Amino acid sequence: MKKLLIMGINTRSLVNSSFQLDYETYSVSYFKTSDFKDPFNEKHILEQKPNVSCGSFEENYNHEQLLELSQDWVDDVDHIILSTGISPNDFDKNSKFKSNKKKIIGNKYVSNIEDKYKFYKKIKNKFLVPLTFKISSISEAIEINKQYSDKEFIVKPLKGSGGYGVNFLKESLESNLDDVDNGNNNPLIVQEFIEGPSLSSSTLSSKDKVKNIINSENITVSSNNNNNNNNNNNNNNNNIQNKKRKRFIDFRYSGNIVPLDNSNYSSKNIEEMNNISEDLIYQLKLIGSNGVDFILNKEDLYIIEVNARFQGTYECVENILGINLLDAHIKACAGELIRVSHPHNHSVKKIIYSPEKIRFKGKNIINNPNIYDIPFNDSIIEKNQPLLTIISHNKSIKENKINIRNISKNIEKEIIKMKNII
């Protein structure tokens with residue numbers, strides 16, 4: 001039996017898929033939650049202990065720690081699968097790991113994709129993209145803001161995922177420049193803000209073929225309405241258009257609706273997403289499972305970025321297409337694209353970020369089959385940190401949204417109790 005090492009921030013879903021395949025599975029991750037089913041062996045960074053704070057993911061996560069955790073296994077395993085939080089480029093920085101880079105099943109060279117400014121320059125003459133600048137000083141950000149006074153801009157880390165560290169440029173400049181004045185420790189880009197729903201395409205590709213397998217809508221949450229489980233773009237847009245009112249939009253990834261709701265998007269929109277995603281992935285020479293993120297502004301599809309890895313829709317896609325996505329990825333990298341049928345279901349995923357600092361008590365939560373990534377009892381979850389994931393599979397999007405809403409309300413009630421026992 002061959003040995004497979006899975007690496008990433010949260011490997012739960014990939015590890016579950018690996019159980020259906022003929023591998024001895026090893027896992028290194030940041031999170032290990034109470035619903036994580038142990039593979040042959042695993043290591044993790046965050047230890048959730050009673051009455052001990054789990055701290056801030058943004059402050060504590062470091063991909064180098066994942067590499068360190070894998071040292072005992074990386075030489076012995078046959079294959080490596082990477083997910084969110086670790087890049088094949090990270091293997092080049094250490095001679096011990098560089099020799100094992102060839103074991104990665106998937107894309108091995110992604111520098112021009114993970115670097116958002118290099119990616120912009122690479123595709124800007126072929127595809128519709130937001131105006132983007134790389135900045136090295138506050139003065140550059142101020143000048144861009146003045147020169148393009150008719151546009152809205154957001155500031156982003158040059159590299160990163162999940163929407164962490166993203167904010168409106170004007171708000172960053174007004175708040176003592178904290179988001180801009182970070183020197184060269186974490187280089188930034190300034191990108192034109194495009195209004196509209198955030199959409200994604202998921203693809204499978206071999207060296208010579210690309211297939212779009214499904215399209216989805218991403219959920220982003222306005223902090224003015226954290227309890228809204230829908231992607232309420234109209235409310236967000238109203239906030240954006242009101243120049244005198246400070247905007248608070250949480251750009252972090254908060255879930256998705258899979259597949260796209262046909263009542264909200266035209267066949268032309270979907271066909272264009274299919275064509276652009278397949279064309280772009282082919283031109284970038286990516287293999288396996290990859291994703292393309294868009295913003296739909298009226299009828300214009302802007303490419304925001306490419307995720308040269310598994311996407312947050314992973315479990316939703318597996319359910320509604322009836323496939324093992326890890327297996328499909330491995331086969332695609334070997335040159336075989338599996339046959340994918342039309343979606344037979346709908347799925348909605350919502351990530352709950354804790355609205356308060358709490359001591360987690362899971363007695364009334366752990367038995368709900370729609371709730372995942374459940375912390376260990378009595379661990380302390382800080383405000384605004386990831387708490388739980390809700391996933392609902394159903395025949396209609398409407399039923400899924402109702403289910404998500406009801407579960408969210410029950411979780412809110414439990415959070416009030418948890419807050420009171422801190």
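Estimated from the Cβ-Cβ distance and a Förster radius of 30 angstrom, the FRET efficiency linking Asn367 and Tyr164 is about 0.45. Taken along the Cα-to-beta-carbon direction at a fixed 7 Å, the label points for Asp75 and Lys285 span 3.2 nm.
Within a straight-line Cα-Cα reach of under 17 Å, Lys102 can be paired with the following aspartates and glutamates, leaving aside sequence neighbours fewer than 8 residues apart in one chain: Asp75, Asp76, Asp78, Asp90, Asp92.
Normalising by the residue count of the stretch 281-381, find the relative contact order in percent from Cα pairs under 8 Å and 6+ residues apart. Don't skip to the end; give the middle numbers.
Values: 103 pairs, mean separation 19.6, N = 101.
It rounds to 19 percent for the stretch 281-381.
Pairs Lys3/Lys93; Lys134/Lys209; Lys134/Lys401; Lys121/Lys211; Lys134/Lys211: which exceed 28 Å Cα-Cα?
Those over the limit are Lys134/Lys209; Lys134/Lys401; Lys134/Lys211.
Each label was represented as a point 7 Å from its Cα along the Cα-to-Cβ direction; for Ser396 and Asn377 these points are 3.9 nm apart. Relative contact order of the stretch 96-164: 31 percent, from C-alpha pairs under 8 Å at least 6 residues apart in sequence.
The alpha-carbon of Lys417 sits under 12 angstrom from the alpha-carbons of these aspartates and glutamates, leaving out residues fewer than 8 places away in its chain: Glu356. Taking 7 Å steps out from each Cα toward its Cβ at Asn275 and Asn62 produces label points 4.8 nm apart.
Less than 5 angstrom separates the built amide H of Asp250 from those of Val221, Ser222, Ser223, all sequence-distant by 5 or more or on a different chain. Here is the list for the stretch 240-347: chymotrypsin sites (Phe, Trp or Tyr not before Pro) lying in DSSP coil, each with at most 16 other C-beta atoms within 10 angstrom of its C-beta, are Phe248.
Taking Cα centre as origin and charging only the Cβ of basic (Lys, Arg, +1) and acidic (Asp, Glu, -1) residues, the dipole magnitude of the chain rounds to 440 debye. Going down the table (Lys2/Lys331; Lys37/Lys156; Lys349/Lys383; Lys32/Lys409), which pairs top 27 Å between alpha carbons? Those over the limit are Lys37/Lys156.
Net charge near Lys361, counting Lys/Arg +1 and Asp/Glu -1 over other residues with Cβ under 13 Å of its Cβ?
Working: positive: Arg359, Lys363, Lys413, Lys417, Lys419; negative: Asp378, Glu414.
Neighbour charge sum, excluding Lys361 itself: +3.
Under the classification rounded if a/c is under 1.5, otherwise prolate if a/b is larger than b/c and oblate if not, where does the chain fall, given a ≥ b ≥ c as square roots of the Cα gyration tensor eigenvalues? In terms of gyration-tensor shape, rounded. Sort the stretch 300-347 into rounded, prolate or oblate with this rule: let a ≥ b ≥ c be the square roots of the eigenvalues of the Cα gyration tensor; rounded if a/c is under 1.5, and if a/c is not under 1.5, prolate when a/b is larger than b/c, oblate otherwise. Here the stretch 300-347 falls in the oblate category.
Can you give the relative contact order of the chain as a percent, counting alpha carbon pairs under 8 Å and 6+ residues apart?
Details: 845 pairs, mean separation 66.9, N = 422.
With pairs under 8 Å counted, the relative contact order is 16 percent.
Beta-bridge orientation, the chain: approximately 75 percent antiparallel, per DSSP, counting only bridges with both partners inside. Could you work out which residue, out of Leu326, Leu169, Leu131, moves most in a Gaussian network model of the chain, that is, has the largest mean-square fluctuation with Cα springs under 10 Å? It is Leu131. Whole-Hz Karplus values for the stretch 268-276 come out as 5, 4, 5, 4, 5, 4, 4, 5, 5 Hz, taken residue by residue from phi with 6.51 cos²θ - 1.76 cosθ + 1.60 and θ = phi - 60°; glycine and proline positions read x. Taking 20 Å as the cut-off, the amide N atoms of the stretch 108-142 that come nearer than this to a point 7 Å along the Cα-to-beta-carbon line of Glu174 belong to 138-142.
Under a Gaussian network description of the chain, with springs only between Cα atoms under 10 Å, the residue in Pro375, Pro39, Pro259 that fluctuates furthest is Pro39.
For a Förster distance of 51 Å, can you work out the FRET efficiency between the beta-carbons of Phe19 and Ser137, rounded to the nearest 0.05? Mind showing how you got there, number by number?
Numbers: r = 50 Å, r/R0 = 0.98.
Calculated value: 0.55.
Just so you know, the averaged projected area of the alpha carbon convex hull for the stretch 1-83 sits at 5.6 nm².
Rule-based calculations on the coordinates, nothing more; no lab input. It should be emphasised that the depicted structure is a prediction, and the values quoted were computed from it without experimental measurement. Backbone-built Cβ (ideal geometry, glycine too); neighbour counts: all protein chains shown.
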